[in-house]
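What follows is a short report on a single structure.
The values are calculated or read from the model by the stated rules, or taken from the named source; none is laboratory data. As the structure is a computational prediction, the values presented were derived from the model and not from experiment. Note that each Cβ is placed from the backbone with ideal geometry, even for glycine, and that neighbours are counted across all protein chains shown. The area values use the complete protein model at the heavy-atom level, side chains included, leaving out ligands, DNA and RNA. Shrake-Rupley method; radii C 1.70, N 1.55, O 1.52, S 1.80 Å.
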Amino acid sequence: MNLIQPCAQCSCLAVCALLLTNCAGEDSQPPSNEPVFRFSTLVGETAINLTTTSGTQPATQILEVNGPGLGLIDFDNDGDLDLFVANGATLSDPENGPGSRLYENLGGLRFKDVTGAAGIHLTRWAMGVAVGDYDGDGRDDLYVTCYGPNVLLRNEGEGRFTDVTKHAGVGDPRWGTSCAFGDIDNDGDLDLYVVNYLQFDAANPPGRSHFKGIEVMAGPHGLPAQHDILYENLGDGTFRDITAAANCLPAQPGYGLGVIIIDFDADGRQDIFVGNDSMTNFLFHNLGEKRFEERGVLSGIAANIDGGEQATMGIAVADVDANGYPDLFTTNFSSDTNTLHLNLDGAFFDDRTQQFGLALISRPFLGWSCGFFDFDLDGDEDLLMFNSHVYPQATMDAMDSDYEQTPLLFEREGKRFARRTEPQIGSFLNERHRDRAAVFGDFDHDGDIDVIVSELNGPIRVLRNDHPGGNWLTIELRDERETSRNHRGLGSRIELTYPNGGQRRWIYTGGYQTSIAPYAHFGLPADVLDVAAVIVWPDGYTQRIESLPTKARHLIRRP
């Protein structure tokens, strides 16, 4: 490790950046006849030997459909990404499934199941994961949504966790799906938003319904939706419900499936986007003073270009049009399109799905987790999404969509995205699965983005990115001020500039039942040797660094 001297690299004298050099050796550019994307599917050899549980296969009730969530957490502060799997249970015994799992990253894409040693005994039907240091002790904690009371697991250090749900006051007993940490009141600690789905009684499930003339499981329509919940962090290890006081109780509750907390309009306040199933999405615009205004319809993000309500599952963030504001891509139900909403000015969004080549091609697919990442390290972000229908009866003849489906990978080509398929790319794009949650990160520290995917009642798969060389850089943040408990800088914006180019990323949590990597990854042109960086922290404090070498991992500390 080399310490970059503050006076040489920063405009702020108190800033330091910890440079973690690339351990993968010298990179080389791939020959022109080589595939642009290369992934290898790893099952078993990573030692993540888990077949997930979500009811029975095939599913008979809507509770069995969502599948297991995934969370990335560096629980031991050793600089790599560990994995938490929110595993499910069965309709006959929702409280006593095989249990959620915590896997320690040992390096080289090898993991170790440390669930028992960590003191985690969560056998309830778990769904989603949020990762954040809620108590400001420098260690990331886990919040897990469940069918039944949610669970807060406090990281005690030395690899141990304690269930502090009751003391913290965050055991919402409803059916929780996704969740996210974020500092919504700029007081330096992490608040918590929890998305709820619908009322469901596993002991007395609803009768059957019909879709395209075929008898299928019931829901969500016809079942009562449930309001979400916003918790304020009180700074003493406890939270309080401020949902009503903050004006986050819309007249009609949503069938919530996904959430992100991010500053959409660059006003220094974190906003909340909620993706709902088969109804309009919510956008809670942060007015300050712990007050929000629901602007989903007014902003244009509640529905698609035709005003159609969609079934939003996955959520991905990128500055697609390079105007400085975060745009949103969402995956949706089959016989509909996925949706790309461009953030025009921080206040209004415009559906540009067709313009970017992402509309018609997605109609046979039912999408779940998705992500914008520069998988081929060429300086722009590609788009990867995972798919599978909810109805086991689905076929192209019966429902214009198959039950098991392949992923979709789109490469950015100028002002459009182009789908990449075999034989150009690795075989994982030809494999049909019942995929649900996915998380993205450089798990083996070779500079490119790998993927971990959970399958409905299937094995956890690691997709190793085998890109042969390329230029890259990652930035991780640390806020170690005594007044801050948001030590990873959740809600920050990072901007890089270099000759003839620049890129922008946000540090945030959320998505579809996932918690993503708490750092920013950039692929870069081959001739870029160093970059300038501007970090805008959640409260608006701006930090400038004049030169960061590429092909390196950087830890940037706030003064």
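Scanning the range 165-189 for residues that are among the hydrophobic types (A, V, I, L, M, F, W, C), in a loop (DSSP other than H, G, I, E, B) and more than 17 Å from Leu122 (Cα to Cα) gives a single hit, Ile184. Residues in the range 268-287 that are open to solvent by 10 Å² or more (accessible area, probe 1.4 Å), small (Gly, Ala, Ser) and in contact (Cβ under 8 Å) with a residue 60 or more places away in the chain: Gly268 alone.
A search for C-beta distances below 7 Å between a residue of the range 120-131 that is under 13 Å from Gly55 (Cα atoms) and any residue that is part of a strand (DSSP E or B) and open to solvent by 10 Å² or more (accessible area, probe 1.4 Å), counting only pairs 6+ apart in sequence or on different chains, returns Trp125/Tyr147; Met127/Tyr147.
Looking across the range 138-196 at every residue that is of a type in the set (S, T, N, Q) and in contact with a strand residue (DSSP E or B) (Cβ under 7 Å, 6 or more places away or on another chain), the one that is most open to solvent (accessible area, probe 1.4 Å) is identified as Thr162. Within the range 519-548, if we keep just the residues that are of a type outside the set (A, V, I, L, M, F, W, C) and not in a strand (DSSP E or B), the residue that is farthest from Asp82 (Cα to Cα) turns out to be Asp527. Of all residues in the range 500-516, at least one satisfies being open to solvent by less than 10 Å² (accessible area, probe 1.4 Å), in a loop (DSSP other than H, G, I, E, B) and out of contact with any Cys (no Cβ under 9 Å at 6 or more places or on another chain).
So that you can scan it fast, the table gives a plain yes or no per residue for (1) assigned to a loop (DSSP other than H, G, I, E, B); (2) modelled with pLDDT of 95 or more; (3) surrounded by fewer than 18 Cβ atoms within 10 Å (Cβ to Cβ):
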position: Gly71; (1), (2), (3): no, yes, no
position: Phe75; (1), (2), (3): yes, yes, no
position: Tyr103; (1), (2), (3): no, yes, no
position: Lys112; (1), (2), (3): no, yes, yes
position: Arg124; (1), (2), (3): yes, yes, no
position: Met127; (1), (2), (3): no, yes, no
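Quick check: is even one residue across the range 291-305 open to solvent by less than 20 Å² (accessible area, probe 1.4 Å), assigned to a loop (DSSP other than H, G, I, E, B) and in contact (Cβ under 8 Å) with a residue 24 or more places away in the chain? Yes: the range 291-305 contains one or more residues that are open to solvent by less than 20 Å² (accessible area, probe 1.4 Å), assigned to a loop (DSSP other than H, G, I, E, B) and in contact (Cβ under 8 Å) with a residue 24 or more places away in the chain. Residues in the range 547-559 that are under 23 Å from Arg481 (Cβ atoms) and either at pLDDT 95 or above or surrounded by 16 or more Cβ atoms within 10 Å (Cβ to Cβ) (or both): Leu548, Arg553, His554, Leu555, Ile556, Arg557, Arg558. One residue is enough: does the range 349-365 have a residue meeting the conditions of a type in the set (Phe, Trp, Tyr), more than 18 Å from the chain's Cα centre (by Cα), more than 24 Å from Gly219 (Cα to Cα) and surrounded by 23 or more Cβ atoms within 10 Å (Cβ to Cβ)? Yes, some residue in the range 349-365 is of a type in the set (Phe, Trp, Tyr), more than 18 Å from the chain's Cα centre (by Cα), more than 24 Å from Gly219 (Cα to Cα) and surrounded by 23 or more Cβ atoms within 10 Å (Cβ to Cβ). The set of residues from the range 224-259 being touching an Asp or Glu at 6+ places or on another chain (Cβ under 9 Å), of a type in the set (Val, Ile, Thr) and over 16 Å from Ala311 (Cα atoms) comprises Ile229, Ile242, Thr243.
Would you mind stating whether Thr243 is open to solvent by 20 Å² or more (accessible area, probe 1.4 Å) and in a loop (DSSP other than H, G, I, E, B)? No, not satisfied.
The set of residues in the range 81-96 that are open to solvent by less than 20 Å² (accessible area, probe 1.4 Å) and of a type outside the set (Phe, Trp, Tyr) comprises Leu81, Asp82, Leu83, Val85, Ala86, Asn87, Gly88, Ala89. Could we say that His433 is in contact with a Cys (Cβ under 7 Å, 6 or more places away or on another chain), of a type outside the set (Lys, Arg) and in contact (Cβ under 8 Å) with a residue 12 or more places away in the chain here? Spelling it out, it is not the case that His433 is in contact with a Cys (Cβ under 7 Å, 6 or more places away or on another chain), of a type outside the set (Lys, Arg) and in contact (Cβ under 8 Å) with a residue 12 or more places away in the chain.
Here Pro250 passes the criteria (1) over 22 Å from Tyr143 (Cα atoms); (2) touching a helix residue (DSSP H, G or I) at 6+ places or on another chain (Cβ under 8 Å); (3) of a type outside the set (Asp, Glu) except the one numbered (2). Right, Thr421: under 23 Å from Ala59 (Cα atoms) and either modelled with pLDDT of 95 or more or open to solvent by 10 Å² or more (accessible area, probe 1.4 Å) (or both) or not? For Thr421, the condition - under 23 Å from Ala59 (Cα atoms) and either modelled with pLDDT of 95 or more or open to solvent by 10 Å² or more (accessible area, probe 1.4 Å) (or both) - is not met. In the range 318-336, the residues that are more than 17 Å from Asp265 (Cβ to Cβ) reach residues that are among the acidic types (Asp, Glu) and open to solvent by 10 Å² or more (accessible area, probe 1.4 Å) with C-beta atoms within less than 7 angstrom, at least six apart or across chains, in these pairs: Ser334/Asp400; Ser335/Asp400.
Being more than 30 Å from Tyr541 (Cα to Cα) and touching a strand residue (DSSP E or B) at 6+ places or on another chain (Cβ under 8 Å) holds for only one residue in Glu232, Glu215, and it is Glu215. Restricted to the range 255-281, and to residues there that are of a type outside the set (A, V, I, L, M, F, W, C) and touching a His at 6+ places or on another chain (Cβ under 8 Å), the residue that is farthest from Tyr147 (Cα to Cα) is Asp265. Only a single criterion out of (1) open to solvent by less than 10 Å² (accessible area, probe 1.4 Å); (2) among the small types (Gly, Ala, Ser); (3) over 23 Å from the mean Cα position of the chain (by Cα) is not satisfied by Gly458, namely (3).
Is there a residue in the range 197-204 that is in a loop (DSSP other than H, G, I, E, B), in contact with a Lys or Arg (Cβ under 6 Å, 6 or more places away or on another chain) and of a type in the set (Asp, Glu)? No, that holds for no residue.
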